[in-house]
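Working notes for the structure below.
The values are calculated or read from the model by the stated rules, or taken from the named source; none is laboratory data. Note that the coordinates shown come from a computational prediction; the quantities given were computed from them, not determined experimentally. When we count neighbours, we look across all protein chains shown, and the Cβ atoms used for this are built from the backbone with ideal geometry, even at glycine.
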Amino acid sequence: MLTLAWCLAGTATLFAPDGARAQAAGSNPPVAMQAGTRIEFDIGAQRLGDAIAAFSRATGLDVLVDGEDAQRPAGAVRGRLTAAQALEAMLAGTGLEARHATATSVVIQAARGPAAPAWQPGTEAPEFEESGFHGGNVLYQSYAAQVQQALRASLCGASETRPGGYRLALQVRLDARGTVERFRLLSTTGQTSRDAAVLRKVRTLAVGTPPPASLPQPLVILLLPEGPDAESACADVPAAPEALP
């Protein structure tokens, strides 16, 4: 699954679960995704980035936060709480809120006011709603779809980079022609060779049309493992061997 996000500070961090609670492709969803599930939290007041890392380990959720926002102080989270309640307590007073990118991933962003629906575990986000292109900007949404389509076609074109079995957070900046100008991995795919193959694909990525002049950049792209019942992102794209550089 590809999800597009953006951050103004130019850096972002993906906090992904590790160890036994990590969700692999084809495995059962994290315990935190079960409706009404409460987890015993014991996260002290600290830097938000460190608090989110602890939250991700406890819940099995992927959490993306802007690098600058990660430096803010976060409140303590203690007691038996749902994942949503824990994040709400952690973000209280920060001016930030949690918005779902997918059923198992969360984006931390500037609060948009009480009118926006709150994040709840196990629910799917409306398409592009949590990618940062909110407020009804159809132009941004349309271009986001083009970026996703171009990246999907590129990654699906080689067996080594074919999505479905790995997670990835990638930051890209597009030039006026719609080609990648700068990029970097925000998280590893878990294999050095696959990281290198993904970067080779991104290096030559071209959307095909120029981005809107006002498009917020850089873009942060999240690629998450597919669940057992999900349709493959590459279902209609034939795999081909990775060409040697």
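Points to keep in mind about this one:
- Check on residue 232, surrounded by fewer than 16 Cβ atoms within 10 Å (Cβ to Cβ), touching a Gly at 6+ places or on another chain (Cβ under 7 Å), at pLDDT below 85 and at negative phi: yes
- Whether a residue is in a loop (DSSP other than H, G, I, E, B), at pLDDT below 60 and among the β-branched types (Val, Ile, Thr) was assessed, and residue 123 passes this test.
- Every condition in (1) under 28 Å from residue 184 (Cα atoms); (2) modelled with pLDDT of 85 or more is met by residue 77 except one, and the failing one is (1).
- Filtering the range 138-155 to residues that are at pLDDT below 85 and among the aliphatic types (A, V, I, L, M) leaves 138, 139, 144, 145.
- Residues in the range 133-185 that are in a loop (DSSP other than H, G, I, E, B) and basic (Lys, Arg) were compared, and the one that is farthest from the chain's Cα centre (by Cα) is 177.
- Scanning the range 167-196 for residues that are surrounded by 20 or more Cβ atoms within 10 Å (Cβ to Cβ), in contact (Cβ under 8 Å) with a residue 60 or more places away in the chain and not small (Gly, Ala, Ser) turns up 167, 171.
- The set of residues from the range 65-90 being touching a residue at least 40 places away in the same chain (Cβ under 8 Å) and within 15 Å of residue 47 (Cα to Cα) comprises 65, 66, 67, 68, 69, 70, 90.
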